[in-house]
1. Kindly indicate whether M91 is crowded, with 17+ Cβ neighbours inside 10 Å and either more than 15 Å from the ligand (Cβ to nearest atom) or free of Cβ contacts under 8 Å to residues at least 40 places away in the same chain (or both).
2. Out of (1) touching a residue at least 60 places away in the same chain (Cβ under 8 Å); (2) within 15 Å of M143 (Cα to Cα); (3) crowded, with 23+ Cβ neighbours inside 10 Å; (4) in contact with a helix residue (DSSP H, G or I) (Cβ under 6 Å, 6 or more places away or on another chain), the odd one out for A112 is which?
3. If I ask for residues that are away from the ligand (no atom under 16 Å from the Cβ) and either β-branched (V, I, T) or in contact with a Lys or Arg (Cβ under 8 Å, 6 or more places away or on another chain) (or both), which ones from the stretch 235-258 would you list?
4. When the residues of the stretch 94-109 are filtered to those that are buried (at least 17 other Cβ atoms within 10 Å of the Cβ) and without any contact (Cβ under 8 Å) to a residue 60 or more places away in the chain, which remaining residue is farthest from the ligand (Cβ to nearest atom)?
5. Kindly evaluate K74 against the criterion of being assigned to a helix (DSSP H, G or I), assigned by TED's automatic domain parsing to the domain that holds K31, closer than 30 Å to F193 by Cα and within 16 Å of the ligand (Cβ to nearest atom).
6. Only residues that are among the aromatic types (F, W, Y) and either assigned by TED's automatic domain parsing to the domain that holds T57 or under 19 Å from S86 (Cα atoms) (or both): list them for the stretch 147-206, please.
7. Output the helices (runs of 4 or more DSSP H) that fall wholly within the stretch 244-341 and possess 1 or more residues being in contact with a helix residue (DSSP H, G or I) (Cβ under 6 Å, 6 or more places away or on another chain), among the basic types (K, R) and modelled with pLDDT of 95 or more, or say none.
8. Within the stretch 56-71, which residues are within 17 Å of the chain's Cα centre (by Cα), away from the ligand (no atom under 16 Å from the Cβ) and not in a strand (DSSP E or B)?
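The values are calculated or read from the model by the stated rules, or taken from the named source; none is laboratory data. Keep in mind it's a predicted model, so treat the numbers as computed, not measured. Please note: Cβ atoms are built from the backbone with ideal geometry, for glycine as well, and neighbour counts cover all protein chains shown.
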Amino acid sequence: MLEDKSPQRTSLENLGEFGLIKHLTQHFELKHESSVHGIGDDAAILDFGEKKTVVSTDLLVEGVHFDLSYMPLKHLGYKSVVVNLSDIYAMNAKATQITVSIAVSNRFPLEALEEFYAGMALACKMYNVDLVGGDTTSSTKGMLISVTAIGVAEKDEIVMRSGAKTNDLLVVTGDLGGAYLGLQVLEREKEVFKVNPNSQPDLEPYSYIVERQLKPEARKDIVELLEKLEVKPSAMIDISDGLSSEILHLCEQSSVGCNLFEDKIPLDPTVISTSEEFKMDSTTIALSGGEDYELLFTIDQADYPKIKANPNLTVIGHMVDKQEGAHLITRGDTKIGLTAQGWNSFSE
Ligand SMILES: [Mg+2]
């Protein structure tokens, strides 16, 4: 698939490392005042004045985190940036800069990397962040991507995982389970393609969930919305691994328990129909699917009137005393212990 997209194949050896970085980053402009100096010296210079800086890093490995047989490189570039920005927004901060390092084998021509950087450039534009540094090197096999995201916030704006209190409401943005099911659809089509390379998959009915997998968005808008609504969450985390494990992180770091209500978990109609098609339970998918990059946060009950009318925000439960533990209350009113894998139907 890589070859089909890039008829011209310029070998990376012709450019050298510095020529390559210069070539790939030449159209990236610095937009933020805090980006004093970007690419071109030993290190970038950032100046945030009196504010607090937040930093987060991710490493993505071909074959482990992404599959280039159905992931176009432009989408991969976009997603690599977005998943890191999500961690900055989860601190209730504004993302301002990224650094990107890649290692690629010689199976990647320059044109493939240009596609990847075009996706990153789009993400930088959409999320208003500056690319200020990075590294490129060779790998013996496949592609590795490391992105570091930097953000800024006033000291009293920052929200950590540790501030949730008993009786706080548990709120989630958007809807859950789409990214995981999108991946299932893509994996299925890949298997069909292996058997019959002439098959033309009709992904139209699945466009929402496939997009959730291939081109996820981070919830920059929610950080801005909460500021406008004058709501500061008591604790927050982004949903990269599935609702269940993120709830357990909040509970553990805040020393509280949680009651999560199955009938409140927001699901897109495509998620419901596709999980039926795959004979999977949609609640299990939302709890343990992952890669949705929504925000999960807790608020004081007094703030409920400020958020209740907003279609982006759903109250899915509330925090309880630590001794009570973390549970899913099912539609049938059964109380089941939450586990990092989703929920354990055999406990209690
Ligand atoms: Mg995170």
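1. Spelling it out, it is not the case that M91 is crowded, with 17+ Cβ neighbours inside 10 Å and either more than 15 Å from the ligand (Cβ to nearest atom) or free of Cβ contacts under 8 Å to residues at least 40 places away in the same chain (or both).
2. All conditions pass for A112, except number (3).
3. S255, V256, G257
4. Among them, the one singled out is A103.
5. Taking the combined requirement at face value, the residue does not satisfy it.
6. Hit for the stretch 147-206 is Y180, nothing else.
7. Counting at least 1 such residues, we get 304-307.
8. V64, D67, M71
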